[in-house]
Amino acid sequence: AKKASMKPTTETNNLQEYYDLLLPIAGNMLKDQSQAEDVVQETLLRWVAKEDKELENPKGYLVRSTINRCLNVIRDQKKFHGQNAIDIAPELLVDHLPQLIENGPDLSNGILRILKRLNPMERAIFILKELFDYSHKEIADLLGITPENSRQILSRAKRHLKADKSRYSVDIAHHQELYQTFVEVC
């Protein structure tokens with residue numbers, strides 16, 4: 001029987017080799033082992049799903065992809081942590097939802113911001129589309145409007161959220177109730 005080559009020949013072995021290469025890079029950039037593992041796993045999952053893997057330098061491609069993902073994480077963290085809790089951009093809620101649920105005041109304040117700036121229809125569409133990734137068709141069916149109307153209202157909601165102006169007063173009991181419901185749904 002012929003002995004197998006010591007060189008990795010299967011995709012699984014190559015993935016382990018790439019993982020071992022990329023993890024220290026991500027770890028050094030992020031200074032957080034858990035985040036580094038997540039970034040490397042995401043990079044490799046996207047690589048496996050990629051149809052055209054015929055690159056001259058797959059290691060170089062994967063290193064660059066890992067670095068770019070790390071830079072995105074760092075940028076998002078700076079955006080997220082560089083703001084007061086009341087000013088957390090609702091768009092960032094999606095990426096940081098598990099962390100925010102653990103740290104209740106930040107999530108609560110993000111929801112309070114949505115309540116102060118959006119009317120009920122804008123709120124519903126924004127949350128369904130941006131946080132739960134419903135399509136405009138699904139939203140339209142749920143709310144009895146057209147998909148075009150859903151797009152228009154979402155656009156208006158985003159403008160209102162960017163404006164640094166509260167439009168509505170919020171009853172604290174109502175805010176707490178909505179916050180609890182949101183956490184349970186998540």
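Per-structure values
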{"read-out": "Any hit, region 36-56, residues being among the small types (Gly, Ala, Ser) and either modelled with pLDDT of 85 or more or assigned to a loop (DSSP other than H, G, I, E, B) (or both)", "value": "yes"}
{"read-out": "Test for residue 125: is it modelled with pLDDT of 85 or more, buried (at least 19 other Cβ atoms within 10 Å of the Cβ), part of a helix (DSSP H, G or I) and among the β-branched types (Val, Ile, Thr)", "value": "yes"}
{"read-out": "Looking only at region 68-91, and only at residues there that are open to solvent by 50 Å² or more (accessible area, probe 1.4 Å) and of a type in the set (Lys, Arg), the one that is modelled with the highest pLDDT", "value": "75"}
{"read-out": "Any hit, region 9-25, residues being modelled with pLDDT of 85 or more, among the polar types (S, T, N, Q), in a helix (DSSP H, G or I) and open to solvent by 70 Å² or more (accessible area, probe 1.4 Å)", "value": "yes"}
{"read-out": "Whichever residue in region 170-182 is part of a helix (DSSP H, G or I) and closer than 16 Å to residue 113 by Cβ and, among such residues, is modelled with the lowest pLDDT", "value": "175"}
{"read-out": "Close pairs (9 angstrom Cβ cut-off, 6 or more residues apart or separate chains): closer than 14 Å to residue 153 by Cα in region 126-140, part of a loop (DSSP other than H, G, I, E, B) and of a type in the set (Gly, Ala, Ser) anywhere", "value": "129/135"}
{"read-out": "Test result for residue 65, surrounded by fewer than 15 Cβ atoms within 10 Å (Cβ to Cβ), hydroxyl-bearing (Ser, Thr, Tyr), at pLDDT 80 or above and over 30 Å from residue 125 (Cβ atoms)", "value": "no"}
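The values are calculated or read from the model by the stated rules, or taken from the named source; none is laboratory data. Worth saying up front: this structure is predicted, and the values here are computed from it rather than measured. Ideal geometry is used to build each Cβ from the backbone, glycine not excepted, and the neighbour counts take in all protein chains shown. The protein model used for the area step is the full one, side chains on, heavy atoms only, and it has no ligands, DNA or RNA in it. Shrake-Rupley method; radii C 1.70, N 1.55, O 1.52, S 1.80 Å.
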